[in-house]
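A short worksheet on the structure shown next.
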Amino acid sequence: MKGAPEYVIPISKSVFNNRYEEVEWNDQTSTINDIKTIPVLEDIVVNKMCRNGLKCLSYAYRVMPKYELNNLMDNFDPESENFLDELIHDMVYLATFGLEDKVRVFKGEEGVAETIKMIRFGTVD
């Protein structure tokens, strides 16, 4: 799965260490906007990536036997909140990528609409 780091990281129970072995997350927690989470979210993602203007996406996965997925699909609508709740636990955190958004960095938030018009129509008038 992929998504915002503040969503993906807290639902991940483990991560790979520098020997590519799956290990449990450190039990330490911190709080960001009243959400308890692990320090990597605040220390690396927020302080080093987001504050430098990067758009962040985190990735995690879960190994699931096919019969278990089929059972979930038989019991829940795949578009339902219940299906998602059953699916996204015990995730293994893979990485967080920081994507540079030059439109926002160079133009600021107010320049986004102007830039999109320029790309789409060749003019802002």
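The values are calculated or read from the model by the stated rules, or taken from the named source; none is laboratory data. Fair warning: this is a prediction, and the values are worked out from it, not measured in the lab. When we count neighbours, we look across all protein chains shown, and the Cβ atoms used for this are built from the backbone with ideal geometry, even at glycine.
Each residue in the stretch 8-43 was checked for being surrounded by 11 or more Cβ atoms within 10 Å (Cβ to Cβ), at pLDDT 80 or above and farther than 18 Å from residue 89 by Cβ, and 1 of them qualify. Figure legend. Inter-residue proximity from the stretch 43-69: first residues more than 10 Å from residue 100 (Cα to Cα), second residues of a type in the set (D, E, K, R), beta-carbon distance below 6 Å, spacing 6+ or different chains. Indicated pairs: 57/2; 59/2; 62/90. Every listed requirement among (1) at pLDDT 75 or above; (2) on the phi > 0 side of the Ramachandran plot is met by residue 55 save one, (2). The one condition from (1) in contact with a helix residue (DSSP H, G or I) (Cβ under 8 Å, 6 or more places away or on another chain); (2) exposed (fewer than 11 other Cβ atoms within 10 Å of the Cβ); (3) at pLDDT 90 or above; (4) not hydroxyl-bearing (Ser, Thr, Tyr) that residue 63 does not meet is (1). For the criterion of being at pLDDT below 85 and not hydroxyl-bearing (Ser, Thr, Tyr), residue 2 fails. Checking each residue of the stretch 98-117 against the condition of being in a strand (DSSP E or B), at pLDDT below 85, surrounded by 10 or more Cβ atoms within 10 Å (Cβ to Cβ) and not basic (Lys, Arg) gives at least one match.
With respect to residue 68, determine if the residue is under 28 Å from residue 20 (Cβ atoms) and assigned to a helix (DSSP H, G or I). Here the answer is yes, as residue 68 does meet what is asked.
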